[in-house]
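Trainee: Got a structure here, written out as structure tokens. Questions coming.
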Amino acid sequence: MNIRIFGAGQEVGRSAIMLDAEKKVMLDYGVKLEGNTPEYPVAMPKIDALVISHAHLDHSGSIPLLYKNMRMPTFGTSSTLSLVNLLLEDSIKIAKKEHLPPKFQKRHIRAFINNYINMPYHRSADFGGWKLKLFDAGHISGSAITQIERPKAKSFNKIVYTGDFKVEPQILHYGAEMVKSDILIIESTYADRDHPDRETLSNKFIEDVKETLDNGGTALVPAFAIGRGQELLTLLYERGLADRTYVDGMIRKATHAITEGEERIRNAASLDKSIAKSNWIESRDDREAALTTPSIILTTAGMLNGGPVLDYIKKLNKKSKIFLTGYQVEGTNGRMLIEQKKMMIDEQLTDIKFPVETYDFSAHSGKEDLYKYVRESAPNTVICVHGSEENTKLFAETLRGEGFDAYAPKVGDKIEIKD
């Protein structure tokens with residue numbers, strides 16, 4: 001069997017990894033923020049099946065491209081289908097708004113949906129003699145760790161792909177399930193560091209939000225529409241701030257999709273109550289109203305590259321503060337804001353005068369949990385992906401020191417596994 005890296009090799013984004021043996025199975029098919037899609041050396045190979053780990057665009061955003069020229073079953077959870085559909089439809093709208101030719105059409109999204117097979121956690125599916133099972137990844141609603149078994153393989157018959165996963169529980173998510181493997185394909189995003197204690201971080205975040213409100217400012221909280229938005233919405237409700245919270249952007253649609261999903265979430269009652277108690281922005285008048293009083297505005301986009309957040313930033317008073325709650329990828333407005341206190345707004349480089357602070361509410365496993373997961377999964381071979389060049393190489397090198405056969409492949413690499 002060969003494992004072919006078409007994306008996420010020594011990079012974060014455009015996850016696309018193929019298992020190439022009796023069958024060709026693609027694990028995720030995403031896009032990078034810069035618009036880069038997975039790379040093929042010459043031509044698009046025929047794919048027998050596609051598995052989606054979760055809905056974030058760096059894992060799902062290029063899927064309709066596959067359906068331009070082929071049809072194959074796509075496996076994933078119910079929540080993942082709902083959320084991917086939401087994001088893909090939005091991608092077409094954004095392209096039209098920016099006067100860019102869309103990379104795919106709605107008919108390609110429909111073809112994907114028509115070939116989607118809903119896979120609840122722990123239920124097995126069989127295709128061509130290969131067996132597939134999904135487990136809770138603890139990352140976002142519907143996120144899954146994939147286990148594929150090749151019964152005909154003499155050895156290395158159990159392949160596990162983590163996608164993005166988090167071992168420690170979050171407000172709305174249980175921790176990732178441990179899955180034994182022969183070959184483990186694992187994310188490396190935070191292979192160099194651990195995250196702060198979540199309770200301590202939450203307390204600081206809430207204290208800083210309250211201080212901003214007490215000073216007469218707006219607490220502007222950009223967040224990813226899927227996952228982070230719902231976590232923060234629930235946290236603000238649990239800390240008694242729902243009535244002062246205004247929710248804008250795709251967070252609204254994503255939140256309702258998550259509440260209707262089949263996959264288990266923690267504290268579902270708290271999420272329902274946060275929806276009922278918070279203020280939902282429906283119009284420009286609502287946006288103006290949110291700025292007339294000290295308030296919390298929870299809105300997209302999480303990396304400040306678009307969405308309602310840019311309109312709010314132009315209108316904030318000097319007592320306001322921006323609360324960045326997640327990793328800001330290089331090349332984004334969010335990264336520029338952290339490093340230079342500047343942003344691109346309306347195609348103009350703009351100085352940002354009010355305070356900015358970051359809070360590491362990551363939904364990824366940190367260093368200690370990544371190593372713990374490898375040791376307990378007990379594979380013979382580890383393939384480190386979805387991380388910077390430095391992190392993937394560091395992760396693989398350290399694992400080799402522990403006796404694992406570990407790789408940190410680049411995009412375009414092919415790893416041969418002898419059965």
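The values are calculated or read from the model by the stated rules, or taken from the named source; none is laboratory data. Source: prediction; values computed, not measured. Every residue, glycine among them, receives a Cβ derived from its backbone with ideal geometry; neighbour counts consider all protein chains shown.
Trainee: Counting just the residues of region 209-260 that are touching a residue at least 40 places away in the same chain (Cβ under 8 Å) and among the polar types (S, T, N, Q), which one comes out nearest to TYR312 (Cα to Cα)? Show your work before the answer.
Mentor: To start, the set of residues in region 209-260 that are touching a residue at least 40 places away in the same chain (Cβ under 8 Å) comprises 209, 212-238, 241, 244-251, 253-254, 257-258, 260.
Those left that are additionally among the polar types (S, T, N, Q): 212, 215, 218, 230, 234, 245.
Details: THR212: 16, ASN215: 18, THR218: 10, GLN230: 20, THR234: 22, THR245: 14 Å.
Ranking the candidates gives THR218 first.
Trainee: May I pose another question? So how many residues does region 139-160 have that are in contact (Cβ under 8 Å) with a residue 60 or more places away in the chain and either at positive phi or exposed (fewer than 15 other Cβ atoms within 10 Å of the Cβ) (or both)?
Mentor: Within region 139-160, residues that are in contact (Cβ under 8 Å) with a residue 60 or more places away in the chain and either at positive phi or exposed (fewer than 15 other Cβ atoms within 10 Å of the Cβ) (or both) number 5.
Trainee: Being free of Cβ contacts under 8 Å to residues at least 40 places away in the same chain and among the aromatic types (Phe, Trp, Tyr) is the filter; apply it to region 4-53 and report the residue that is farthest from GLY412 (Cα to Cα).
Mentor: Among them, the one singled out is TYR29.
Trainee: Follow-up. When region 225-245 is examined, which residues are found to be under 17 Å from PHE205 (Cα atoms) and either touching a His at 6+ places or on another chain (Cβ under 9 Å) or assigned to a strand (DSSP E or B) (or both)?
Mentor: Hits for region 225-245 are GLU231, THR245.
Trainee: Counting only residues that are assigned by TED's automatic domain parsing to the domain that holds HIS173, surrounded by 24 or more Cβ atoms within 10 Å (Cβ to Cβ) and not β-branched (Val, Ile, Thr), give me the strands (runs of 3 or more DSSP E) lying completely in region 15-55 with at least 3 of them. Spell out the reasoning first.
Mentor: Details: elements: 16-20, 24-27, 49-51.
The strands (runs of 3 or more DSSP E) meeting that bar number zero.
Trainee: I'm checking my understanding of the structure. Among residues of region 56-73 that are farther than 20 Å from ALA8 by Cα and in contact (Cβ under 8 Å) with a residue 40 or more places away in the chain, which one is surrounded by the most Cβ atoms within 10 Å (Cβ to Cβ)? Spell out the reasoning first.
Mentor: Filtering region 56-73 for residues farther than 20 Å from ALA8 by Cα gives 67-73.
Filter again for in contact (Cβ under 8 Å) with a residue 40 or more places away in the chain, leaving 67-68, 71-73.
Numbers: TYR67: 21, LYS68: 13, ARG71: 12, MET72: 18, PRO73: 15.
Taking the candidates together, the pick is TYR67.
Trainee: With respect to the numbered conditions (1) touching a strand residue (DSSP E or B) at 6+ places or on another chain (Cβ under 8 Å); (2) farther than 26 Å from CYS384 by Cα; (3) crowded, with 23+ Cβ neighbours inside 10 Å; (4) of a type outside the set (Gly, Ala, Ser), which one is the sole condition not fulfilled by LEU83?
Mentor: All conditions pass for LEU83, except number (1).
Trainee: Quick one: in region 380-407, which of the residues that are assigned to a loop (DSSP other than H, G, I, E, B) and not small (Gly, Ala, Ser) is farthest from VAL160 (Cα to Cα)?
Mentor: Start the filter on region 380-407 by keeping residues that are assigned to a loop (DSSP other than H, G, I, E, B), which leaves 380, 386-388, 402-404.
Then drop every residue that is not not small (Gly, Ala, Ser), which leaves 380, 386, 402, 404.
Values: ASN380: 12, HIS386: 15, GLU402: 20, PHE404: 15 Å.
So the residue we want is GLU402.
Trainee: Of the residues ASP419, ASP405, which is at pLDDT below 95 and farther than 30 Å from SER141 by Cβ? Steps first, please.
Mentor: Numbers: ASP405 fails: at pLDDT below 95.
Exactly one residue qualifies, and that residue is ASP419.
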